[in-house]
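My questions all concern the structure below.
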């Protein structure tokens, strides 16, 4: 009857799916099994409560031609009933045995007795006192019947409306923002990839100095300032107090949670890959496993202000973190100034000089949020504020095995199109793995777009400027940014409702949150919140500090590797156990707030699965329902969510799977990287023999 599945088509609180639900999902007749779109009713159905209650919940929110919802009342009327089907079968088989007719009669009698029992149970339930619920407007316009289920304690419902222009820029002044160096500003005004060196003519479009990245062993990272988290930013806290706001956060600490609101509000909208060529072999339109993993955060309380910090329990160091810092300096400083960060430079920059260089920020306000965004680069000729973000994008051989990056050294980007060694491959992977995070950071910082440098850790191959409308085309299916802007603001509004609910339950306490949108027939989000102390936060955040420090020392011996023996060892599955810091509080189930969140989208007064072709003149309202779970059920689901997060974040790269096929894919990438190293040796020989040519200069 049931088949194991990662997607629950009938109930968010279990991991198995009924076969009739699968048939319903694949456009089978809707009368086969009525689907409950609300978590509370799904739970009732799964626990065997009266079928008479199924009339209170509509079928999945599928708009009909009139713009309404396709429910039981407007389902197709030409489907034969059970009695009709039986009579037809009997008439078409006049010689059917009496035994078969008796068996059907017996089955009808059993069904009738079952219905009578359910009816009696339903009458008994009606006599029970109704459970207390908190609600403003019932999403499904169903009668209030209480919550006899043991899983749901109460429901909170409400609605939100999008209003353009609610994100306010706060003018607190900012330090001068760096500009691109080496003449890279040409990239800002040319769509597509701008190659560092034309592979056909071998002419450099920019200074060849950009071609060779300063090794991490030579760059002095100790001179760089430490990143200031939201909870340690006194300026950010003071702004919140002055503006009378409750929550503060940075672009880096907020995007992982906001990504899950995108999945929920868009009903897991597939990414738009129309920008890649028809010859590109990849067809996946889902986000990567790493991006879909549950998101976790801390809400630090101090003097009436809550600061959002990313949860780093399962963070691991990799070379890309180091290169991101050094390459930002490379792209915005003259050659002479950048060379001062080299360890062996005779006039090496001191930490005091670096500390004197002020950081530049944008501060924005929305609802009860104050958002901070660090500014990387600026050009007054760009639309809007002229700000844009700098992104350094490593090639696929590095990203898919970041923990063993030495094996991927040598992979080259040679062509515009193709499955491998192409800009098309890198752009396609960005759509699935990075565009959502990038677009959210751009919106938080009120920027125009992102400047991407493609590299393989050792060399830079090219550059591309990607505006916010281009990213929205891939994420939301439209070049107009109105849809992305509306979704961003509604996500913040819904997030604020959740934070308000948690801080009201646990006032003046620091909290740990987990958010996870589940990919079901009707998508829903799990939210878990529990109070934590500062000592517990520190223990979780520094859990992998020793491993990170050890990895930093490993970078001092950066060499390409030819050994593939690590792929012969199966990747161990993480043990699904309660983390050490959780064991002390696992028995205290009352110190956990857990609920399932569902939403319904209404555009121009019509219910839709997700908005499409949205413009600034359209009206979008969001109806939500939070079904709070019992402590026992909530704690069980919380542990499962944590185990899923640990499993997803333990992978090799951004879209790693645990099966052997992934190892074959990595072997292929490593083989290409080895060929690339031989190719680079030949290229270097040609440069020594014939010299290099730079655009606008004579041959050297």
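The values are calculated or read from the model by the stated rules, or taken from the named source; none is laboratory data. Computed from a predicted model, the values in this text were never measured in an experiment. Neighbour counts are summed over all protein chains in view; Cβ atoms, including those assigned to glycine, are modelled from backbone coordinates with ideal geometry.
Of the residues that make up region 288-295, is at least one modelled with pLDDT under 90, on the phi < 0 side of the Ramachandran plot, surrounded by 20 or more Cβ atoms within 10 Å (Cβ to Cβ) and part of a helix (DSSP H, G or I)? Write out each step before concluding.
Quick first cut of region 288-295, residues modelled with pLDDT under 90 only: none.
Scanning region 288-295, I find no residue that is modelled with pLDDT under 90, on the phi < 0 side of the Ramachandran plot, surrounded by 20 or more Cβ atoms within 10 Å (Cβ to Cβ) and part of a helix (DSSP H, G or I), so the answer is no.
Yes or no: residue 365 surrounded by fewer than 18 Cβ atoms within 10 Å (Cβ to Cβ) and in a strand (DSSP E or B)?
Taking the combined requirement at face value, the residue satisfies it.
I want to confirm something. Restricting to region 339-362 and keeping residues that are assigned to a loop (DSSP other than H, G, I, E, B) and touching a strand residue (DSSP E or B) at 6+ places or on another chain (Cβ under 9 Å), which single residue is farthest from residue 243 (Cα to Cα)? Can you show your working first?
Looking only at region 339-362, we keep the residues that are assigned to a loop (DSSP other than H, G, I, E, B), and these are 340-341, 343-350, 357-360.
Those still in the list that are touching a strand residue (DSSP E or B) at 6+ places or on another chain (Cβ under 9 Å) too: 341, 343, 348, 359-360.
On the way: 341: 39, 343: 44, 348: 42, 359: 22, 360: 20 Å.
Here the answer is 343.
Determine which member of the set 390, 331 is at pLDDT 95 or above, within 18 Å of residue 185 (Cβ to Cβ) and outside any helix (DSSP H, G or I). Before the answer, list the steps.
Working: 331 fails: outside any helix (DSSP H, G or I).
Result of the check over 390, 331: 390.
Would you check which residues across region 215-254 are closer than 30 Å to residue 409 by Cα and assigned to a helix (DSSP H, G or I) and list them?
The answer is 221, 222, 223, 252.
Moving on. Residues of region 142-165 being part of a loop (DSSP other than H, G, I, E, B), at pLDDT 75 or above and surrounded by fewer than 16 Cβ atoms within 10 Å (Cβ to Cβ), which ones?
Across region 142-165, the qualifying residues are 163, 164.
A quick yes/no check of all residues on (1) buried (at least 22 other Cβ atoms within 10 Å of the Cβ); (2) without any contact (Cβ under 8 Å) to a residue 60 or more places away in the chain:
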{"residue": "342", "(1), (2)": "no, no"}
{"residue": "346", "(1), (2)": "no, yes"}
{"residue": "370", "(1), (2)": "yes, no"}
{"residue": "414", "(1), (2)": "no, no"}
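Is there any pair with a first residue in region 590-611 that is without any contact (Cβ under 8 Å) to a residue 40 or more places away in the chain and a second that is part of a strand (DSSP E or B) and surrounded by 17 or more Cβ atoms within 10 Å (Cβ to Cβ) whose Cβ atoms are under 6 Å apart and which are 6 or more apart or on different chains, and what are they?
603/620
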